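The values are calculated or read from the model by the stated rules, or taken from the named source; none is laboratory data. This structure is a prediction, so every number in the text was calculated from the model and none was measured. A quick note on method: Cβ atoms are made from the backbone with ideal geometry, for glycine too, and the neighbour counts reach across all protein chains shown. Heads up: the accessible areas ignore ligands, DNA and RNA and are worked out on the full protein's heavy atoms, side chains in. Shrake-Rupley method; radii C 1.70, N 1.55, O 1.52, S 1.80 Å.
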Amino acid sequence: MNSWRYALVFFLLAATALFIQFYREVAVPVARPLEEIPRQFEGWRLVDETHFSTAVLAQLRPTDYLYREYVDATGARVTLYLGYHAGGPDSGPIHSPKHCLPGSGWRRQQEEARQMVLTDGRPLRLVTALYRSGAREEFFVYWFQVKGATLTNEYALKLAELINALRYRRRDSAFIRISVPVTTDVAAAEQLALAFVADFYPAIQAVLPQ
């Protein structure tokens, strides 16, 4: 009986060693360049685009990213950040906004995971949150995206990455964040942010791999 147990343990150790030796994750490129996300679309117009410093990129370690500011017809401003991480040995993990925002001096006032129905009827899972820094308030909408699925928390993100790594040898993921300064009231900022998501989600989805 013991010999069978030893043989089983030896087999499992050998299989694990072979898996570690030969397993390699594949870096997955974007479906289309992020720059193809429109600069002008559905009444929105690009007014600013930021390129991060080497120090910031060394911390975030995205494979590709966009950081843009748009305005609508009334001049109301919305900021879009899209960070894509292709997987593979050179790709860094996604940094959670729950850690990054407080680390930058923002304090969370409220947060809710919810589901938004897009114009074509598809559901989009996302998080809405209100943060304050001194006298400033900012309304955020964000989600993680893995192989076409939208996720609202870091645990679901890690699980999806693990499953895809084991099944498809890929660990690519994206983080999408929209932010709006609260200038009049929170409801107006929320409405503006969700309107931007509704208009731009098809373009965002088109550049990410499925």
**Message:** Can you give me the accessible area per residue for region 105-153, using a 1.4 Å probe, in Å²?
**Reply:** 50
**Message:** If I compute solvent accessible area with a 1.4 Å probe over the protein chains, what percent of it on the chain is carbon and sulfur?
**Reply:** 57
**Request:** Report, to the nearest 10°, how far helix 2-22 tilts away from the longest principal axis of the Cα atoms in the chain, using its own Cα long axis and a range of 0 to 90°.
**Result:** 50
**Asked** Taking the Cβ of Val207 as the center, what net charge do the other residues with Cβ under 12 Å away carry, scoring Lys and Arg +1 and Asp and Glu -1?
**Response** -2
**Complete:** Ranking Gly148, Ala31, Ser91 by how far each Cα lies towards the positive end of the charge dipole of the chain (+1 on Lys and Arg Cβ, -1 on Asp and Glu Cβ), the top one is Ser91
**Prompt:** Say the dipole of the chain comes from +1 at the beta carbon of Lys and Arg and -1 at that of Asp and Glu; which of Leu159, Phe196, Val127 then lies farthest toward its positive end?
**Reply:** Leu159
**Residues whose placed amide H lies under 5 Å from that of Met116, excluding near-sequence neighbours** = Leu124, Arg125, Leu126
**Charge dipole (debye, nearest 20) of region 16-116; +1 at Cβ of Lys and Arg, -1 at Cβ of Asp and Glu** = 280
**Prompt:** With the chain treated as a Gaussian network of Cα nodes joined by springs under 10 Å, which of Ile37, Ile176, Ile163 yields the largest mean-square fluctuation?
**Reply:** Ile163
**Item:** Around Val186: net Lys/Arg minus Asp/Glu count, Cβ-Cβ under 14 Å
**Value:** -3
**Cα-centre dipole for the chain with unit charges at Cβ (Lys and Arg positive, Asp and Glu negative), debye to 20** = 840
**Fill in**
Calculated from DSSP helices alone, with each H run of at least 4 adding -39500 (n - 2.57) and the total divided by the residues of the chain, [θ]222 nm to the nearest 500 comes to -11000 deg cm²/dmol
